[in-house]
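See structure below.
The values are calculated or read from the model by the stated rules, or taken from the named source; none is laboratory data. Fair warning: this is a prediction, and the values are worked out from it, not measured in the lab. Quick reminder, even Gly has a Cβ in these numbers, built from the backbone with ideal geometry, and neighbours come from all protein chains shown. With ligands, DNA and RNA removed, areas are computed over all heavy atoms of the protein, side chains included. Shrake-Rupley method; radii C 1.70, N 1.55, O 1.52, S 1.80 Å.
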Amino acid sequence: MATERTYIMVKPDGVERGLVGEIIKRFENKGYQLLALQMIKPTKELLEEHYTDLKEKPFFPGLIKYMSAGPVVGMVWIGKDIVKVGRRLLGETNPLASNPGTIRGDFGIDVGRNLCHGSDSPDNAEREISLWFPNGVVQWDPTENNMTQK
Ligand code: DAT
Ligand code: MG
């Protein structure tokens, strides 16, 4: 099990619905550590780069419009297997297919309003962290102090 970083983002609908604290709480409750946090109204260019793998998809224009409709809260989290486990905390892409107990399963209905983002691989996580936090984030491995995970 690797200690990894991931990029988690509360999307505009999650911010508008007041779910920022709830989403942070689920990652904190799990035992993961927050390394960076920002509220930002992303440009279309930034979003197109973030979702570059999806640019041929028919839903891409709608996705960019939705994601640029309001501010997002972007975060970097660190911990064991956090890329995979973080996506498990989020739920499936389609909230209707997401189990209760997941964020999307508990709070969402529409795939086009699925509240949150989580990187899908450690490489993509690092790519997304560089993209959203170009000035870097704090260098800190909380696990080194054995405060939470051993
Ligand atoms: P995920 O966010 O679970 O990693 P993804 O990377 O495949 O999913 O897609 C990115 C976002 O695009 C997703 O969170 C919501 C939107 N999306 C995906 N599939 C869609 C579809 N069939 N119709 C509308 N929006 C879709
Ligand atoms: Mg994805």
Looking only at the range 6-36, count how many residues are open to solvent by 50 Å² or more (accessible area, probe 1.4 Å) and either over 20 Å from PHE107 (Cβ atoms) or in contact with a Phe, Trp or Tyr (Cβ under 7 Å, 6 or more places away or on another chain) (or both). 1
Give all pairs with beta carbons closer than 7 Å in which a residue from the range 1-20 that is closer than 20 Å to ASP123 by Cα meets a residue that is in a strand (DSSP E or B) and open to solvent by 30 Å² or more (accessible area, probe 1.4 Å); count only pairs at least 6 apart in sequence or on separate chains. MET1/LYS80; THR3/LYS80
Would it be correct to say that ILE64 is touching an Asp or Glu at 6+ places or on another chain (Cβ under 9 Å) and open to solvent by less than 30 Å² (accessible area, probe 1.4 Å)? yes
Of all residues in the range 34-63, how many are farther than 22 Å from THR6 by Cβ, free of Cβ contacts under 8 Å to residues at least 40 places away in the same chain and part of a helix (DSSP H, G or I)? 4
Considering the range 67-90, residues that are closer than 21 Å to VAL138 by Cβ and within 13 Å of ligand 1 (Cβ to nearest atom), and then whichever is surrounded by the most Cβ atoms within 10 Å (Cβ to Cβ), we arrive at VAL72
Take the conditions in contact with a helix residue (DSSP H, G or I) (Cβ under 6 Å, 6 or more places away or on another chain) and at pLDDT below 95 and apply them to GLN149. Does it pass? yes
Selection from the range 56-80 of residues that are within 23 Å of ASP106 (Cα to Cα), out of contact with any Phe, Trp or Tyr (no Cβ under 7 Å at 6 or more places or on another chain) and not aliphatic (A, V, I, L, M): TYR66, GLY70, PRO71
State all residues of the range 37-60 that are farther than 14 Å from MET9 by Cβ and either surrounded by 11 or more Cβ atoms within 10 Å (Cβ to Cβ) or within 15 Å of ligand 2 (Cβ to nearest atom) (or both); if no residue qualifies, say none. LYS44, GLU48, THR52, ASP53, LEU54, LYS55, GLU56, LYS57, PHE59, PHE60
Of the residues that make up the range 91-102, is at least one open to solvent by less than 40 Å² (accessible area, probe 1.4 Å), in contact (Cβ under 8 Å) with a residue 40 or more places away in the chain, within 13 Å of ligand 1 (Cβ to nearest atom) and part of a helix (DSSP H, G or I)? no
